[in-house]
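Asks: What follows is a single structure, and I will ask about it in a moment.
The values are calculated or read from the model by the stated rules, or taken from the named source; none is laboratory data. Only a predicted model underlies this, so the values are computations on that prediction, with no experimental measurement involved. Backbone-built Cβ (ideal geometry, glycine too); neighbour counts: all protein chains shown. Each accessible area value is taken on the protein alone, full model and side chains, heavy atoms only, with ligands, DNA and RNA left out. Shrake-Rupley method; radii C 1.70, N 1.55, O 1.52, S 1.80 Å.
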Amino acid sequence: MGTDLKKQNVSADYDVAIVGGGIAGSCAAAILKNTNIKSVLIDPNENMPVDFRCEKFDHKQMAIVERLGISEKIYKATTPIENIWIARNGKLVNKMVYPHYGFSYERVINAVRDYLDKPRDMILGKVKSVEQYEGFQKLVLADGREVSARLVILSNGLNPGIRKQLGVTQTMLSKNHEMAIGFDVEPETEGQFEFDSFTYWPEKASDKMAYFTIFKSADVFRVNMFGYWQKNDPVLQELIQDPVQCLAKLMPSLEGMVGRFKPVSRVHIRPVDLYQNHPSQCEGIVFVGDAYATSCPGAGTGTTKAMNDVDILCNRYIPEWLGSGKFGQSEIETFYQDLEKIQSDEVSLNEAYFLRSITLDKSIVWGARRWMRFFYHLGKSKIANMPILGNPEKGRAA
Ligand SMILES: Cc1cc2nc3c(=O)[nH]c(=O)nc-3n(C[C@H](O)[C@H](O)[C@H](O)COP(=O)(O)OP(=O)(O)OC[C@H]3O[C@@H](n4cnc5c(N)ncnc54)[C@H](O)[C@@H]3O)c2cc1C
C-alpha cells in the first residue's frame with residue numbers, strides 16, 4: 001500500500017473528506033468548518049437515526065466539547081444531572097452533587113451537525129471504496145458518485161468495509177469484551193425518582209455485572225447496565241423477557257432504595273469487542289474514533305477518545321500537512337505517534353481492563369479494591385453530610 005499510487009492530473013474537489021458522521025466525524029467537520037480548509041462530511045443520513053451508544057457526558061467530556069467550540073448546541077441537546085445516589089454492596093453509600101449530562105446519542109450528533117451549513121458541507125451517501133492516487137484520494141459512493149480529496153478522515157465507526165478494502169489489519173484485543181444494555185423506565189409511584197441519577201455497584205463478582213445506572217435523559221429515565229455475560233447467558237434472555245424480575249435477582253436491595261419502576265421501552269443489548277486497527281501504511285487516509293480502535297462502553301471513554309483524536313488531528317496536524325502538501329505514511333504516522341493521542345488511547349484501554357478486573361476478579365487483591373471503593377464512598381458521604389461552617393460549597397461532595 002502507498003507504493004504504487006495511480007497518477008491522474010486533476011485537482012481534488014476538497015482538501016479533506018470525512019467519511020462517517022458519528023461523534024468523531026461530525027466534530028471533525030465542525031472544527032474544520034471554522035478554518036479555511038475546504039472540507040466535506042459524507043454520511044448516509046442527514047440526521048443520525050436512533051442508535052444505542054454513549055448516553056452520558058461527565059464534566060471532563062464537557063470540557064472537551066467546550067474546547068472544540070461546540071458546547072452551545074450540545075448543552076441544549078442534553079439534560080443536566082446533578083443529584084446522584086451511589087449504592088455499593090447492596091447499600092446506599094452516598095448522595096452527592098456531581099454534574100453530568102444525559103442524552104440520546106443521535107440528539108448530540110445531530111446537534112454537532114447543526115454547526116454545518118447543509119447541504120454545502122455534507123454529502124448524503126455511503127462510501128463503498130477508496131481509490132488512492134498520487135496527491136489525492138477518490139471516494140466511490142454506493143450509487144456511483146465520486147468525490148476526491150487530498151486527505152480522507154475515516155470515521156466510519158464499526159463498519160469494516162473500507163478498512164478491509166484498504167487491506168488494513170486488525171488485532172482483536174478482547175472478543176465480546178462487554179455487554180451494554182439500555183432501556184427506558186418510569187417510576188410506578190406518582191411523580192419522579194428522588195435522584196437525577198442512581199448508580200449501583202454490585203455485590204458479588206459472580207454476578208458478572210459491572211454496574212447499573214438510572215439517569216434523567218430528556219423526558220425519560222434511562223437505564224444503562226454493563227456486564228460480562230456471554231451472548232447465550234440466561235441473564236440476557238431474562239432481561240429481555242422480564243427486566244424487573246431479572247434486576248431484582250441481580251440486585252435484591254434495589255427496589256428498597258429507588259422504589260418500584262417499570263420498563264417503558266424495548267431492552268437493547270449490544271455486545272462490544274475491543275480491537276485495534278493498524279492503518280499506518282495508508283497514505284492520505286487517517287483513521288479516528290472507533291474506526292481506529294474501540295473502547296469499553298462501561299468505562300465511558302469512547303467519546304473522549306474520539307473527540308481527542310479529531311481535536312489533535314484537525315487542530316495540530318491537518319493544517320501542517322496541507323501547508324506542506326505532504327500526506328505520506330511518515331506524516332500520517334506522526335498523528336498515530338502523537339503523545340497525547342497515545343495517552344488518550346492507553347487510558348481508554350486501561351480503564352476497560354480495570355473495570356473488567358474489578359468486576360470479575362475473585363482474587364484477594366481485587367476483592368480488597370472493591371471494599372476500598374465501598375468505604376471510600378461511605379466515608380465521603382459521612383464527610384459530605386457534616387455541617388461545614390463558612391463555606392457551604394465545601395459541603396457538596398462533588
Ligand atoms: C452501547 C454503547 C454504549 C456506550 N457508552 C459510552 C459511554 O457511556 N461513554 C463513552 O464515552 N462512550 C461510550 N460508548 C462508545 C462510543 O459511543 C463510541 O466510541 C463513539 O460513539 C464512536 O464514535 P465514532 O464517531 O467513531 O463512530 P460512530 O458513532 O459509529 O459513527 C460512524 C458513522 O459512520 C457512518 N458510516 C459508516 N459506514 C459508512 C460509509 N461506508 N460511508 C459513509 N458513512 C459511513 C455511520 O452512519 C455513522 O454515522 C458506547 C458504545 C456503545 C456501543
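Asks: Need the failing condition index for residue 136 against (1) under 19 Å from residue 332 (Cα atoms); (2) at pLDDT 95 or above, just the number.
Replies: All conditions pass for residue 136, except number (2).
Asks: Do you know which of the residues in the range 335-349 that are surrounded by 13 or more Cβ atoms within 10 Å (Cβ to Cβ) and assigned to a helix (DSSP H, G or I) is nearest to the ligand (Cβ to nearest atom)?
Replies: Top of the filtered list is 348.
Asks: On the basis of being closer than 30 Å to residue 284 by Cα and in contact with a helix residue (DSSP H, G or I) (Cβ under 8 Å, 6 or more places away or on another chain), does residue 158 make the cut?
Replies: Yes.
Asks: Next question, about the same structure. Have a look at 209, 225, 179 and point out the one that is within 27 Å of residue 369 (Cα to Cα) and without any contact (Cβ under 8 Å) to a residue 60 or more places away in the chain.
Replies: Every option except 225 fails the conditions.
Asks: Considering only residues that are free of Cβ contacts under 8 Å to residues at least 12 places away in the same chain, farther than 13 Å from residue 187 by Cα and either charged (D, E, K, R) or in contact with a strand residue (DSSP E or B) (Cβ under 8 Å, 6 or more places away or on another chain) (or both), which ones fall in the range 244-261?
Replies: Within the range 244-261, just 249 meets the criteria.
Asks: Okay, moving on. Within the range 225-329, considering only helices (runs of 4 or more DSSP H) that don't extend past its boundaries, which have at least 1 residues that are of a type in the set (Lys, Arg) and out of contact with any helix residue (DSSP H, G or I) (no Cβ under 6 Å at 6 or more places or on another chain)?
Replies: Correct list: 243-250.
Asks: Anything in the range 120-139 that is in contact (Cβ under 8 Å) with a residue 24 or more places away in the chain, loosely packed, with under 15 Cβ neighbours inside 10 Å and away from the ligand (no atom under 14 Å from the Cβ)? List them, or say none.
Replies: Passing the criteria: only 134.
Asks: Just the residues that are within 12 Å of the ligand (Cβ to nearest atom) and among the hydrophobic types (A, V, I, L, M, F, W, C), please, taken from the range 275-305.
Replies: 287, 288, 291, 293, 296, 299
Asks: Identify, please: which residue in the range 140-173 is within 14 Å of the ligand (Cβ to nearest atom) and in a strand (DSSP E or B) and is, among those, most open to solvent (accessible area, probe 1.4 Å)?
Replies: 146
Asks: Moving on. Residues to consider are 44, 80; find the one that is within 15 Å of the ligand (Cβ to nearest atom) and either under 15 Å from the mean Cα position of the chain (by Cα) or open to solvent by 50 Å² or more (accessible area, probe 1.4 Å) (or both).
Replies: So the residue among 44, 80 that is within 15 Å of the ligand (Cβ to nearest atom) and either under 15 Å from the mean Cα position of the chain (by Cα) or open to solvent by 50 Å² or more (accessible area, probe 1.4 Å) (or both) is 44.
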